[in-house]
Structure formats: C-alpha cells, structure tokens
1. Extending each Cα 7 Å along its Cβ direction at D300 and D51, get the distance between those two points in nm, one decimal.
2. Restricting to the chain, compute how many DSSP beta bridges are antiparallel as a %, nearest 5.
3. Quick one, what does Rg over Rh come out to for segment 51-256 if you take C-alpha atoms and the Kirkwood Rh?
4. If each DSSP helix of 4+ residues adds -39,500 (n - 2.57) and the sum is divided by the residues in the chain, what number results at 222 nm, nearest 500 deg cm²/dmol?
5. Chymotrypsin sites (Phe, Trp or Tyr not before Pro) within segment 111-220: which are DSSP loop residues with at most 13 other Cβ atoms inside 10 Å?
6. Taking GluC sites (Glu not before Pro) as exposed when DSSP calls them loop (any state but H, G, I, E, B) and at most 14 other Cβ atoms lie within 10 Å, what is the longest stretch of the chain free of them, the sites themselves excluded?
7. Only four residue types carry charge here, +1 at the Cβ of Lys and Arg and -1 at the Cβ of Asp and Glu. Report the dipole size of the chain about the Cα centre in Debye, rounded to the nearest 20.
8. How many percent of the accessible area of segment 51-256 is carbon or sulfur, using a 1.4 Å probe?
Amino acid sequence: MKEWKKNLRDIEPYVPGEQPQAADVIKLNTNESPFPPSPKVKEAIASFNTDTLRKYPSFVCPELKAALKENYPVSDTELFLGNGSDEVLALCFMTFFNSDKPILFPDVTYSFYPVWCSLYNIPYETIPLDENFNIRCEDYYKPNGGVVITNPNAPTGIYMPLEKIEDIISHNRDVIVIVDEAYIDFGGKSAVELIHKYDNLVVVQTYSKSRNLAGIRVGYAAMQMELTAALEAVKNSFNSYTLNSISQAAAAAAALDKDYFKKCTGEIIKNRTYTVSELDKLGFKTMPSMANFIFTTHPDYSGEELFNFLKSKNIYVRHFNKPRINEYLRITIGSGEEMTSLVSALKEYVK
Ligand SMILES: *Cc1c(COP(=O)(O)O)cnc(C)c1O
C-alpha cells in the first residue's frame with residue numbers, strides 16, 4: 001500500500017438526488033421548484049455590472065441583507081449568509097456543536113446531519129420519531145450537546161406547530177437549537193420571530209426551494225448577534241467570500257418580489273392538494289405534508305418497484321433504501337402538468 005493512503009480522509013459523503021440532463025425527464029426528485037425565478041432576477045442579472053467582478057464581493061452583503069429584512073423582523077447583525085443553506089448548516093455544526101455530549105436529531109430527517117457530525121467528529125444520537133413519524137418533544141428534554149430539528153421535516157413533510165418548536169427550545173436553554181426551515185414557505189409558520197426571545201436559537205432557510213433558485217446557491221440563518229459573531233469568526237477562518245456578487249444581486253431581487261413568491265408557493269400548495277387526493281384514490285397512504293414534496297406509500301406495491309416503474313416512464317422521484325422508510329417514495333410537487341403526468345402513469349400501474 002502507498003504510504004500516503006494512510007493519511008487520506010475517509011468519509012462517507014451525503015448522496016444528493018440524481019440530476020438527469022435529458023430534456024424529456026420529469027424531475028421530481030430533489031425538491032427544486034418547477035417555476036423559473038422571479039423576472040426581477042432576470043433583470044438583476046442582465047443589468048449586473050460585470051466590471052465589478054474584478055473585485056472581491058462584499059462579505060457584508062448589504063443589498064441582500066436589506067432585501068431579507070423586508071421579509072423578516074431581523075437586523076443586519078442577526079443575519080448570516082452562505083453559499084446555500086448546506087454551507088450555512090455545515091458552518092453552524094462546526095461553530096455551535098463542540099460539546100462532549102451528543103447532539104440530538106430524529107432518526108428520520110435530513111441525511112446530511114450525520115455526515116457533518118462525522119466530518120467534524122461531533123458525537124450524535126438519533127431519536128426515533130413516533131409511530132406516526134411525529135417528533136415527541138419530551139424525547140429532547142435530556143442532556144445533550146445541541147438539537148437540530150427540520151421543520152417541516154424531511155423527507156416526511158410533516159410540520160410541527162411553533163408551540164412545539166418553542167417547547168424544545170425552552171427545554172434546551174444550555175445548548176444551541178437549530179431549526180432547519182428549508183420547506184417552511186409551503187404552509188408553515190417560521191420560528192424566526194423567536195430569535196429575539198431565545199439566545200440559543202438558530203433558524204436556517206434557503207433560496208433553493210420556495211424561491212426557485214437552487215442554482216444560485218444562497219442560504220441564510222437568523223439568530224442573535226453573539227451567535228452570528230461566532231459563526232462569522234469560523235467562516236473567516238475558512239473562506240471569507242462565500243457568496244459571489246452575482247448571487248448576492250440576484251438573491252436580493254428575488255427577496256423583494258413578494259408577489260411572485262406568493263404566486264409560486266400558492267401554486268405548489270394547490271398542486272400538492274391535487275396530487276394527494278389523486279393518490280388517495282389509487283390507494284396510496286400519504287403523510288400530511290406542509291412541504292413542496294409528499295411522502296407516500298402503497299400497501300400492494302413496494303417502494304423500490306414503484307420507483308423503478310416511474311423511472312422507466314422518465315419520471316424521477318426519490319426512494320431511500322433505509323430502515324423505516326424504504327417502502328415510501330418522496331415526490332417533489334412540480335407544475336400542474338407534471339403532476340397530471342405522474343398521476344396518469346401511476347394509474348396505469350396501480351390497478
Ligand atoms: C434542500 C435542503 C437544504 C439545503 O439547501 P441548499 O440548496 O444547500 O440551500 C437544507 N436542509 C434541508 C432539510 C433541505 O431539504
């Protein structure tokens with residue numbers, strides 16, 4: 001064996017959904033938006049002064065922060081921005097979870113969390129969801145090094161009311177509680193306002209789902225100033241300029257177009273209701289979803305078989321070969337047309 005091989009970092013990475021490039025594919029596997037970004041984003045990019053690319057971007061991101069403040073009751077010093085919320089979350093794990101005690105998160109949740117734990121050597125314990133895939137607050141009352149809750153949860157889509165989120169935060173005042181709100185804009189209520197009440201709360205959101213901009217890689221988090229300062233220090237020990245200038249301009253434009261945002265998220269909610277009721281008629285059991293995806297299973301057909309059938313029809317959904325959830329499909333809510341195609345394909349298979 002080559003001597004240097006001993007020194008290679010050995011890690012099992014997060015596996016993102018496939019990104020098939022063919023044009024005729026119906027892509028319902030990575031929770032992207034079926035709609036283009038706001039027309040204001042197109043304008044912002046078209047009028048972007050490329051001469052400014054000569055310089056490093058602003059790491060204070062004043063324009064983007066000003067736009068976000070139009071949407072949330074926070075101040076500049078309470079906002080932390082990053083290159084996608086995955087980066088924001090990774091930096092949060094590195095900054096906030098330095099205890100010997102394990103951090104806690106559910107057994108069924110975003111599968112990136114254990115990857116960051118292993119990357120940064122953070123001990124963790126997964127807490128089983130109850131038999132209906134709900135989070136039991138009491139399970140999070142024990143000593144721990146931090147808590148991470150995705151709300152609505154992924155891949156179940158199940159939303160936890162804000163009172164319960166607050167219950168978990170208030171029982172964990174000695175550690176940082178991260179609430180990952182990647183899917184909050186499809187019917188849920190954000191915990192952002194609670195940051196003024198709890199100095200141990202971090203709320204993370206993304207441009208990738210409800211703002212139709214997965215390709216631009218922008219994510220952000222809200223928390224009290226002492227926490228943003230700690231995060232900035234870690235970020236500046238790693239890469240000071242995480243957000244490029246074009247992304248900053250485009251993301252600011254998207255945040256200001258509230259009407260378009262409402263129209264798109266409203267359309268997704270409508271298509272979700274349609275899809276759930278059609279799948280109901282075919283005998284599927286679907287978890288109550290407040291996200292831009294649904295988690296569904298059929299008593300007579302295995303998850304794997306349904307996944308393979310849909311793929312043969314050029315419809316990509318997500319199937320997780322994992323305990324408790326391997327009979328389920330996670331289906332992104334797309335356009336009305338895409339959901340009609342999905343339903344007709346399944347009608348053909350499920351007799
Ligand atoms: C999609 C997703 C993210 C990451 O989104 P970015 O594209 O990196 O902003 C974070 N958390 C959850 C639960 C997600 O589903």
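The values are calculated or read from the model by the stated rules, or taken from the named source; none is laboratory data. Just so it is clear, the structure is predicted and the values come from calculations on it, not from any experiment. Reconstructed Cβ throughout: ideal geometry from the backbone, glycine too, with neighbour counts over all protein chains shown. To get the accessible areas, we keep the full protein, side chains included, count just its heavy atoms, and leave off ligands, DNA and RNA. Shrake-Rupley method; radii C 1.70, N 1.55, O 1.52, S 1.80 Å.
1. Result for the modelled spin labels: 6.9 nm.
2. On the way: 16 of 32 bridges.
In the chain, DSSP labels about 50 percent of beta bridges as antiparallel.
3. Checking Rg against Rh, the ratio lands at 0.95.
4. The helix-only estimate for the chain comes to -10000 deg cm²/dmol at 222 nm.
5. Working: sites: F112, W116, Y120, Y124, F133, Y140, Y141, Y159, Y183, F186, Y198, Y207, Y220; in loops: F112, F133, Y141, Y159, Y183, Y198, Y207.
Listed in order of number, the matching sites are Y141.
6. That gives 132-351 as the longest site-free run.
7. 680 debye
8. Within segment 51-256, the accessible surface is 51 percent carbon and sulfur.
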